[in-house]
Amino acid sequence: MAAKAVANNLSLAPRKARLVADLVRNQYVETALEVLDAMPKRAAHAIRKVVASAAANARYQDAALDDSELYIKSIFVDEGVTRYWIRPRARGMAYRIRRRRCHITVIVDEAREEQA
């Protein structure tokens, strides 16, 4: 039984968050949480919260679910809203600043013998 968790409009650049998401894709949830705890990147904390939430959603849907059998079926990072503003520079020029945001979606499922 698949369960899903989404975090919208996180203050992370999607390009940087995808680097962390690629490391935990198709791993068991327990292993992924350990990897994310030890990772020094800023996106690891946000992705860890979403993975833990998806696992909790799966436990809520099926109380007889074995936590050790949950794996990350799908994880993807999409672009969110980008905030633009302008900073003045020398000789009357202006630089555009872009503050990017992202949406993180995690889908966990129960591993079966034929999937392994």
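Coordinate-derived values only; no laboratory data. Values in this document were obtained by computation on a predicted structure and should not be read as measured data. Please note: Cβ atoms are built from the backbone with ideal geometry, for glycine as well, and neighbour counts cover all protein chains shown.
Show the residues, 5+ positions off or on another chain, whose built amide H is closer than 5 Å to the amide H of SER74.
Those lying under 5 Å, H to H, from SER74 are ILE107.
Take the Cα coordinates of the chain, assign each an equal point scatterer, and use the Debye formula without solvent to give log10 I(q)/I(0) at q = 0.12, 0.13, 0.20, 0.21 Å⁻¹.
-0.48, -0.54, -1.00, -1.07
Report the gain in length on full extension from SER74 to ARG101: 0.36 nm times residue separation, minus Cα-Cα distance, nm rounded to one decimal.
Roughly 7.7 nm would be gained on extension.
In nm, give the distance between the simple-model label positions of ALA52 and ASP66, each being 7 Å from the Cα along the Cα-to-Cβ direction.
2.5 nm
Take each of the peptides 48-56, 93-101, 21-29, average the number of other beta-carbon atoms within 10 Å over its residues, and list them starting from the highest.
48-56, 21-29, 93-101
Compute the distance in nm between two label points, each set 7 Å from the Cα along the Cα-to-Cβ direction, one at ARG15 and one at LYS41.
With each label placed 7 Å out from Cα toward Cβ, I get 1.3 nm.
Using DSSP to call loops (not H, G, I, E or B), can you name the GluC sites (Glu not before Pro) in region 23-116 whose Cβ has at most 14 other Cβ atoms within 10 angstrom?
Counting only loop positions with at most 14 other Cβ atoms within 10 Å, the GluC sites (Glu not before Pro) in region 23-116 are GLU113, GLU114.
Evaluate the relative contact order of the chain (contact order divided by residue number), counting alpha-carbon pairs under 8 angstrom at least 6 apart; express in whole percent.
Once divided by the residue count of the chain, the mean separation gives 41 percent.
With each pseudo-label sitting 7 Å past Cα toward Cβ, what's the LYS4-ALA94 distance in nm, one decimal?
Calculated label separation equals 4.0 nm.
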